[in-house]
Amino acid sequence: MPEALAALLRVLVVLVAFLVLPLLVGQAEHKVMAHMQSRVGPMYAGGFHGWAQLIADGVKFVQKEAVVPTAADQTVFKLAPAVALLPYLVALLVVPLGPGLVGEDLDLGLFFVLAVMGVGVVGTLMGGWSSANKFSLLGGIRVAAQLMAYELPFVLAGASVAMAAGTLSLTGIVEAWQPWWLLWQGIALVVFFVAGLAELQRPPFDMPVADAEIVFGPFTEYGGLRFALFILAEYAGIVVLSALTAVLFLGGWHGPFEDTIGWVWTLVKTFAVAFVVIWARVAYPRMREDQLMRLAWQGLVPLTLLQLAITAVGVVAWA
Amino acid sequence: MRVPGLVKGLAVTMRALTRRSVTAHYPDALPELPPRSRGVIALIEENCTSCMLCARECPAWCIYIDSHKDVVPATTEGGKDKTRNVLDRFAIDFSICMYCSICIEVCPFDALHWSPEFEYAELDIRELTHEKDRLREWMWTVPAPAALDEHAEPAKEIGVARRAADREAGEGV
């Protein structure tokens, strides 16, 4: 019985983290992006520098009418936001914060996370297809193309670090991690991060939702709470991607005093990566569809193959 | 190959992040407006002769003037009665006004002036038509004209007024 209770507690903590961390990242994006553009961002909600802006937004979204287009595929349309959001919750469950501080320590952790993150994109695809709207469909097709192109380097970069650590368990990978892996796995780090951005359709890879040309891509017909869920999925995706990058490539809880405050290090690294995600959004313009494809197939895939070769040589030489 | 440009983008945004934003916190801090800001048009009713020049020159036709003539009885025996224009209504519809300043330039009697006040938004568009008493109230917010340069000649009007005063004083003696 206590075992079940502990499991329940872990799930609860992960759920709370899943609801809080994306909001933190979202608020950070509001403020960081604003200041990077010499603005101040939200200033009023909650009194102090607009800290409650996202809560106010949430309240507003909840109040809105749930509109489903007549021509839409009702079931798929309603299901899509959940399919987009839930995978990130599940992914967060297996990402370790510290030694033993993990929702569920899977031996196949990395494999599981990568598989589940791919499902998240399917939610967007479902939304795009079921909306019965040409912009949504275009966006959905772009999502599919992006998923095809970037899943490969994403998985290969993850595979590289798994090869280096000799395990697929996320906890195992962090424990095997050494600071000089930053160099050894450097290419994989960059590729993983870039491909992850593309997978989340974050700028500069936001061609599928390019609001200036196809309205809002797959989300065009969505409003109210369903739209909010899609947006929440995007930020949950940032959290998962940042946490994964921190755990796989930046050594998770390794750092000074790791025995006591290791989990703080994981969080700090996660937020540092999330900061870079926001930074990239502000600094770079959106890439064209053909540029996206070229970057994936001619840039990232060869790079990851090179990285795999380097990793393999390293593993054989030192093991 | 494109790496320097990518780094530059990051550097520019990071530099902006470390600097203070340029945002003016308007409702909390009032803006510092230049002295000749075109905020709202003020009217000195006493100066207005209902000559209609402003209403006719207005490109947006947003000035409404109603007036009638009053008879001023002759002050001397057998003299002729005079007539005087009395302003009944002077209104500017700021929902139509395009702030071109033509009415102010065209007024021969300096009855119209720019005030830098700009916070007169309304919930009902009809409220944006300011009648003459409201236009008169804006007059209190009109800044004094800019001072002349140090060695400039005094304004023409002052010279005219002084000469007239001197003449009157001479006649009085």
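The values are calculated or read from the model by the stated rules, or taken from the named source; none is laboratory data. Only a predicted model underlies this, so the values are computations on that prediction, with no experimental measurement involved. Because the Cβ atoms are built from the backbone with ideal geometry, glycine has one as well, and the counts that use them run over all protein chains shown.
A few points about this structure:
- Being small (Gly, Ala, Ser), within 14 Å of another protein chain (Cβ to nearest Cβ) and in contact with a helix residue (DSSP H, G or I) (Cβ under 6 Å, 6 or more places away or on another chain) is a condition met by no residue of the stretch A:215-235.
- If you go through the stretch B:16-46 and keep only what is basic (Lys, Arg) and at the interface with another protein chain (Cβ under 9 Å from one of its Cβ atoms), you end up with B:Arg19, B:Arg20.
- Among the residues of the stretch A:272-292, those that are crowded, with 18+ Cβ neighbours inside 10 Å and more than 14 Å from chain B (Cβ to nearest Cβ) comprise A:Val273, A:Ala274, A:Leu292.
- Top-ranked residue in the stretch B:94-119 [being among the small types (Gly, Ala, Ser) and in a loop (DSSP other than H, G, I, E, B); ranked as surrounded by the most Cβ atoms within 10 Å (Cβ to Cβ)]: B:Ala111
- Total residues in the stretch A:43-57, condition within 14 Å of chain B (Cβ to nearest Cβ) and of a type outside the set (Phe, Trp, Tyr): 4
- Selected residue (criterion: nearest to the chain's Cα centre (by Cα)) from residues of the stretch B:73-93 that are farther than 30 Å from B:Glu137 by Cα and surrounded by 11 or more Cβ atoms within 10 Å (Cβ to Cβ): B:Lys82
- Residue check: A:Val40 meets all listed conditions (1) free of Cβ contacts under 8 Å to residues at least 24 places away in the same chain; (2) away from chain B (no Cβ under 14 Å); (3) β-branched (Val, Ile, Thr) but one, namely (2).
- Matching entry among A:Phe219, A:Phe275, A:Phe271 (being in contact (Cβ under 8 Å) with a residue 60 or more places away in the chain and under 21 Å from A:Ala188 (Cβ atoms)): A:Phe275
- Applying the criterion of being of a type in the set (Ser, Thr, Tyr) and surrounded by 16 or more Cβ atoms within 10 Å (Cβ to Cβ) to the residues of the stretch A:70-124, the residue that is farthest from A:Ala17 (Cα to Cα) is A:Thr124.
- Of the residues making up the stretch B:148-167, those that are assigned to a helix (DSSP H, G or I) and either in contact with a helix residue (DSSP H, G or I) (Cβ under 7 Å, 6 or more places away or on another chain) or under 24 Å from B:Pro108 (Cβ atoms) (or both) are B:Lys156, B:Glu157, B:Ile158, B:Gly159, B:Val160, B:Ala161, B:Arg162, B:Arg163, B:Ala164, B:Ala165, B:Arg167.
- Residue match in the stretch B:147-155 (condition: exposed (fewer than 10 other Cβ atoms within 10 Å of the Cβ), within 13 Å of B:Pro35 (Cα to Cα) and small (Gly, Ala, Ser)): yes
- On the stretch given as the stretch B:43-76, residues that are part of a strand (DSSP E or B) and within 28 Å of B:Ser115 (Cβ to Cβ) total 6.
- Any hit, the stretch A:239-251, residues being part of a loop (DSSP other than H, G, I, E, B) and either surrounded by fewer than 19 Cβ atoms within 10 Å (Cβ to Cβ) or modelled with pLDDT of 85 or more (or both): yes
- Residue match in the stretch A:298-319 (condition: more than 14 Å from chain B (Cβ to nearest Cβ), outside any helix (DSSP H, G or I), more than 22 Å from the chain's Cα centre (by Cα) and closer than 27 Å to A:Val95 by Cβ): yes
- Residues in the stretch A:191-216 that are of a type outside the set (D, E, K, R) and without any contact (Cβ under 8 Å) to a residue 40 or more places away in the chain: A:Ala212 only.
- For B:Met52, the conditions (1) of a type outside the set (Ser, Thr, Tyr); (2) at positive phi; (3) over 24 Å from the mean Cα position of the chain (by Cα) all hold with the exception of (3).
- Filtering the stretch B:4-14 to residues that are within 11 Å of chain A (Cβ to nearest Cβ) and either exposed (fewer than 11 other Cβ atoms within 10 Å of the Cβ) or touching a strand residue (DSSP E or B) at 6+ places or on another chain (Cβ under 7 Å) (or both) leaves only B:Gly5.
- Residue identified as among the basic types (Lys, Arg), within 14 Å of chain B (Cβ to nearest Cβ) and assigned to a helix (DSSP H, G or I) among A:Lys78, A:Lys31, A:Lys60: A:Lys31
- A search for C-beta distances below 7 Å between a residue of the stretch A:93-111 that is under 21 Å from A:Glu258 (Cα atoms) and any residue that is modelled with pLDDT of 75 or more and of a type in the set (Phe, Trp, Tyr), counting only pairs 6+ apart in sequence or on different chains, returns A:Val94/A:Phe112; A:Leu97/A:Trp263; A:Gly98/A:Trp253; A:Gly98/A:Trp263; A:Pro99/A:Trp253; A:Leu101/A:Trp263.
- Listed by first and then second residue, the pairs linking a residue in the stretch A:112-138 that is closer than 21 Å to A:Pro87 by Cα to a residue that is not in a helix (DSSP H, G or I), with Cβ atoms under 6 Å apart and 6 or more places separating them unless they lie on different chains, are A:Phe112/A:Leu106; A:Ser130/A:Ala72; A:Ser130/A:Asp73.
- Qualifying residue in the stretch A:151-158 (condition: closer than 16 Å to A:Glu199 by Cβ, of a type in the set (Asp, Glu) and touching a residue at least 40 places away in the same chain (Cβ under 8 Å)): yes
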